[in-house]
Each structure stands twice: as structure tokens, then as C-alpha cells.
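J.: The structure under discussion is supplied below as C-alpha cells; questions concerning it will follow.
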Amino acid sequence: MRWILKLTGLAGLSLSAISAQAQSPTATEVLNYLKQNIKILYLAKPNADTPRIVSINPEGIFLDTDGIIFGQKSNNGMDKCAQILFSLFKTRNSSGKGGDGKLQDAVYQVLKMTGKTVTITFVNDVVEPIQSKYVPQYMFDTTTSQDKLVISSRGFSPDEPTSLGMYITGEATKTDALLPQAFLLYTLMNMGFKDFDTGSYYDLIYSTGDPINPLSLDPGARKKIIYSITNIDIREIVNRGIATGLVYTMNKDLRNLAYSWYPDHDFLVWTAPIVDETRAGKGTVFPEKMSLRYIMNQDNLMRVGYDLNSPPFPVTPGTKNWKGFVMKDLPPKYIINNDIVLGMLCEQFIRKLGLQKFSECMAFSDRRLFTASFEKRLSIFFENLCLGLLNGQSIENVRLNPPKDRLFFMGLSLLDLFLNFPANANADLFNQATGGTISPALQTIYFNEFRDKIKTAAQTAFSNATGNKWDAAVDAIYTLLSK
């Protein structure tokens with residue numbers, strides 16, 4: 001028998017459908033929804049032939065006054081995991097000692113837009129190291145930290161249609177408050193899609209030392225370099241982009257780092273063929289042909305990048321297989337099929353129209369975004385950002401009964417902006433960049449009636465801005481479309 005293998009006891013968890021253009025929920029409504037739709041399990045002693053897995057009542061966490069969740073007199077070393085639960089289930093307040101309102105809102109909207117419940121299982125891997133002889137009986141994955149076997153955070157997807165699955169995590173690898181929260185968001189967005197390794201989410205890096213691209217940077221004038229590295233499954237791009245956007249709404253430092261990187265700095269791609277990743281009972285979960293390296297090679301782009309023989313980050317001996325590219329030099333397809341760029345776009349949409357509107361757009365048309373084949377997801381994503389704001393009105397009726405504003409073009413405008421308003425932009429370019437077909441009627445109106453005005457307003461604001469130029473450009477677009 002494999003423990004933590006099946007999601008049991010979830011039948012009683014409630015699900016509420018997203019009503020069209022619903023009002024933003026109150027803080028109390030958000031908390032109640034989380035308590036109803038998140039199941040918490042705890043494994044205190046994994047080194048046992050018959051492990052005891054207990055359920056933790058979210059209501060008890062909400063009512064907790066002494067800060068003890070994983071024990072009687074202490075948290076038994078699980079302090080950071082306890083903080084995750086306090087962040088999720090305590091009443092938010094301005095003192096910083098209660099719940100994390102931004103995290104609660106983000107998790108709430110993820111559950112609402114996907115329409116599913118989730119189970120989070122905590123495993124104590126700090127009281128005593130996990131012994132390898134007990135690992136085969138569990139579902140969870142392990143890694144090595146300070147020569148000890150510890151939990152590797154991962155989401156596992158079930159066959160149950162009403163559940164995202166189970167997120168299993170431990171304490172030992174958590175270094176600060178942001179990482180476990182960000183891991184949780186990335187995992188939730190990808191659970192239900194396939195098994196997903198949350199350990200690779202942090203792929204925007206700030207480094208000091210010599211520039212890594214002497215061809216595009218002046219070594220004498222620059223002491224710091226910002227770059228992005230990637231070796232992810234391309235099927236995850238949209239989900240990861242949404243999760244990245246949610247993380248940027250929570251953490252301004254990471255948001256600012258993204259804007260310091262894009263579009264002038266470097267993008268590193270793993271070049272060696274990837275061995276197909278398989279998992280028992282799942283078959284091949286990461287085939288090599290789904291790697292970015294494979295796709296770029298098919299488009300003959302790998303010959304364009306520069307060789308990076310000495311990456312400015314730790315690598316395993318013999319694995320220095322990287323190519324470097326400057327983001328702005330890549331074709332539109334590779335600019336927008338980037339989870340960091342897509343995350344910046346999502347955060348800008350949320351900044352101007354709100355998280356509730358964004359969630360409604362993602363869940364538009366019976367949550368088709370989350371059931372579509374991965375090839376169509378990006379085009380559906382942008383179409384949803386438009387159609388989800390029309391209050392049920394069809395594009396065909398827009399000319400006859402124009403809405404009070406044109407904010408339903410915000411999605412296409414942001415796509416155009418983050419592609420840097422390419423001179424040859426048209427419907428074909430947008431479709432090629434997103435890999436699908438965005439509504440022809442929608443694009444016809446955009447290119448014929450709005451595109452030139454939006455481009456002029458955004459570029460003027462960008463050039464005149466004294467602060468964040470991208471914020472200024474988006475503000476100008478929003479103002480124009482609000483009229």
C-alpha cells in the first residue's frame with residue numbers, strides 16, 4: 001500500500017461556480033471559501049511502517065491563538081509551514097501578524113477560476129531525516145539538503161474531476177516566507193494539468209560579476225547583469241505565466257526585477273537533448289519534444305544564440321550546455337511564450353482591472369482555458385481577456401451596441417505592447433505568436449479602429465515617463481480605452 005496515494009474524504013468539500021461579472025468577494029467570504037475547499041493533512045513521523053496521517057481543521061487554524069499547529073507545545077520544527085497556514089487561514093490585518101490578504105486572494109481566485117478543491121499535505125522532515133527505506137511506500141519525492149534526505153515539494157494530480165490534486169511539502173528546504181507561497185501558487189496553477197516540479201519556478205536571476213554577453217553589453221560600463229534561464233515544459237507556459245503574474249502582485253521586488261530584465265537583457269536556454277522524464281503510472285510526463293530547446297531548434301534559432309561556456313551560476317560538471325539570446329532579438333512567438341513576460345502582462349491587467357476581473361476572464365466560457373489542448377491555450381488566454389469583459393455580448397453585436405468603454409481590447413493591447421508594437425503587426429502575426437486563432441472579428445476591430453491610437457498613446461507615455469515606463473504605457477492604454 002502507498003500512503004498519501006488517493007485523495008479521500010474530499011466529497012464533502014464544496015465548490016461554488018463563478019457567476020458572470022460577480023462582485024469582488026469580501027475578506028470573510030474569501031476565508032470561508034478557502035476553509036471549505038482546502039483540505040490539510042499532516043504526517044509527523046514518515047519513518048514508520050504504518051505511518052499516521054492526521055487531518056488538520058482549517059477552522060482550528062483560523063481560531064488558533066498560540067501559534068501551535070504541528071504539535072502540543074511547539075510546531076516541532078515546522079515553523080515556516082505553520083506560517084504558510086497562518087497566512088492562508090488567519091484573518092488579514094495591517095499588523096503583519098495575521099493572514100496574508102494577497103496570498104488569500106490569489107489562492108481563492110486560482111480555486112475559483114479552476115473550479116476545484118485542493119489537498120495540502122505537510123510532512124515533517126526536520127525532527128529526523130527521512131530514511132530511504134521508507135520512501136517507496138509514499139507518493140512524495142525527496143531531495144538532498146545538507147546531506148539529509150528531505151521532501152521535494154511537488155503537486156500530484158488525481159483522476160478526480162473536482163480536485164486539483166495534492167500538494168506535498170516539507171519544512172527543510174524552505175528558506176524564506178516568499179518561496180513556499182510562490183511554490184504553492186505555481187503548483188496550484190499546474191495541478192490538474194500534469195505532475196509538476198515546483199522547484200524550477202524561480203528562473204529570473206540577478207547576478208554580479210562579469211557580463212555574460214560581451215556582444216551586447218559594455219563590460220566597462222556594467223557591473224551587474226540580469227538574465228533568465230529556462231528548461232521548462234512548454235505545455236506549462238500559460239499556467240506558469242498566470243502564477244507569475246499572481247506572484248508579482250504579491251512581491252514588488254520580483255516585479256521590479258522583471259522590468260529591469262525585459263526586453264534588453266539575456267535569455268539562457270538549455271541546449272542538450274533532454275531525457276524523457278517518466279513517472280510510474282503516468283508514462284512520459286516531460287517528453288523532450290516539449291522542451292523549449294527542441295522547439296527553437298526546429299525553428300533554426302539555436303544557431304543564432306551565442307555559446308555560453310561559463311554560466312555565471314553553479315552547474316554540475318559536464319552540463320555547461322547553454323545558449324544565450326537577447327530577448328528583444330527573438331521572434332514574437334518566443335517573446336510572448338515566456339512565463340516571465342506573460343506574468344508581467346497578467347500583473348498589468350490585474351493592476352488596472354483587478355484580480356476579480358482577471359479571474360472571471362480566465363474562467364470565461366466554462367473554463368475552456370483549462371481544458372483546451374496546450375497548443376490553443378495562449379490564443380484562448382488572450383481571447384478570454386477580451387471576451388470575458390463583454391458581459392455576455394458577442395463581438396458581432398459590439399458595433400451595433402457599443403459598450404461604454406473599450407476595455408475589452410486591453411488584452412490585445414497588452415499583447416501588442418509586450419511585443420513592442422512590431423511594425424508588421426496584423427492578425428496573422430498575433431495568431432502565429434500565440435499558436436492559435438484569436439477571434440478574427442475581434443482582431444479586425446482592433447487593427448482597423450484602435451491599434452494606431454493605442455500604439456501612439458503607449459509609445460508617447462513610455463518615452464516621457466520618469467518612473468516605470470511600462471506602467472506609464474499601460475496607464476495610457478487604459479485611459480484611452482476607458483473613454
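J.: Which value, in debye to the nearest 20, gives the size of the charge dipole of the range 335-436 about its Cα centre, when Lys and Arg are +1 and Asp and Glu are -1 at the Cβ? Don't skip to the answer; put the middle values down first.
T.: Values: 10 positive and 10 negative charges, 53 e Å.
Charge dipole of the range 335-436: 260 debye, to the nearest 20.
J.: I've got another one for you. I need the phi-derived Karplus couplings for the range 55-66: 6.51 cos²θ - 1.76 cosθ + 1.60, θ = phi - 60°, integer Hz, Gly and Pro marked x.
T.: 9, 10, 7, x, 5, x, 5, 4, 8, 4, 10, 10
J.: Oh, and also: Quickly work out the Asn401-to-Ser74 label distance, labels modelled 7 Å from Cα along the C-beta direction, and quote it in nm with one decimal.
T.: The two pseudo-label positions are separated by 6.6 nm.
J.: Extending each Cα 7 Å along its Cβ direction at Asp428 and Val135, get the distance between those two points in nm, one decimal.
T.: Label at Asp428, label at Val135, 5.3 nm between them.
J.: Would you pull out the residues with amide H under 5 Å of Lys39's amide H, same chain only if 5 or more places away, H placed 1.01 Å from N?
T.: Result for Lys39 returns Val118, Thr119, Ile120.
J.: For the range 99-114, what does the Karplus curve 6.51 cos²θ - 1.76 cosθ + 1.60, with θ = phi - 60°, yield as ³J(HN,Hα) per residue in whole Hz, taken in order and with x for Gly and Pro?
T.: Rounded to whole hertz, the list is x, 8, x, 5, 5, 4, 4, 5, 5, 4, 5, 4, 5, 5, 6, 8.
J.: Can you give the FRET efficiency to the nearest 0.05 for Glu29 and Thr371, using r as the Cβ-Cβ distance and R₀ = 41 Å? Walk me through the numbers on the way to the answer.
T.: Numbers: r = 26 Å, r/R0 = 0.64.
Approximately 0.95, to the nearest 0.05.
J.: Going through the cross-link list Lys102/Lys404; Lys116/Lys376; Lys45/Lys73; Lys39/Lys90, which pairs have a Cα-Cα distance over 19 Å in this structure? Intermediate values should be presented prior to the final figure.
T.: Numbers: Lys102/Lys404 30 Å; Lys116/Lys376 22 Å; Lys45/Lys73 17 Å; Lys39/Lys90 15 Å.
Beyond 19 Å: Lys102/Lys404; Lys116/Lys376.
J.: Please give the residues of the range 101-129, grouped as numeric ranges, whose backbone N is less than 19 Å from a label point set 7 Å along the Cα-to-Cβ vector of Glu160.
T.: Flagged as within label range: 108, 110-123.
None of the figures in this text is laboratory data; all of them are computed from the coordinates on show. Just so it is clear, the model here is predicted, and its values are computed rather than measured. So basically every Cβ, Gly included, is an ideal-geometry build from the backbone, and we count neighbours across all protein chains shown.
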